[in-house]
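So the structure is just underneath, and the comments pick up after that.
The values are calculated or read from the model by the stated rules, or taken from the named source; none is laboratory data. This is a predicted model, so every value here is computed, not measured. With ideal geometry, Cβ positions are generated from the backbone for all residues, glycine too; neighbour counts draw on all protein chains shown. For the accessible areas, the whole protein counts, side chains as well, though only heavy atoms, and no ligand, DNA or RNA atoms are used. Shrake-Rupley method; radii C 1.70, N 1.55, O 1.52, S 1.80 Å.
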Amino acid sequence: MAASTDRLDRIEALVERNSEAIQHNSEAIQHNSEAIQKLTEETKELSIRFAAYQQASQWVVNLAFGLLAIATMTTIVTAVVR
């Protein structure tokens, strides 16, 4: 009878430890889920910023080429007219 009581005590201790481990893992999973959500939101924000930067850079390049074309045409027209 004492052997079965010892065995039941060990089983009870194991169940309690497993329950605590499950609780700890559940908290870790919740923490990781929140961290992933935050990173997802930051990624979206960075993606929007990058798209705006890329668009602005394209506008600057187009403006530079337009100014070069106008300067070139002005130089040619001035040379032809004189």
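Just a few scattered comments:
- Heavy atoms of F50 accessible to a 1.4 Å probe, total area in Å² rounded to 10: 120 Å²
- Accessible surface of I70, taken over heavy atoms with a 1.4 Å probe and every protein chain present, rounds to 100 Å².
- Helix-only arithmetic for the chain: the sum of -39500 (n - 2.57) across DSSP H runs with n ≥ 4, divided by the residue total, places the mean residue ellipticity at 222 nm at -37500 deg cm²/dmol.
- Cα centroid separation, the range 60-82 to the range 12-48 (Å): 61 Å
- E45 paired with S33, simple spin-label distance in nm, labels 7 Å along Cα-to-beta-carbon: 2.3 nm
- Computed over the range 20-82, Kirkwood Rh from alpha-carbon pairs, angstrom: 16.5 Å
- Counting only alpha carbon atoms, the long axis of helix 2-81 and the longest principal axis of the chain meet at about 0°.
- Spin-label pair A21/V80, simplified geometry with 7 Å Cα→Cβ offset, distance in nm: 8.6 nm
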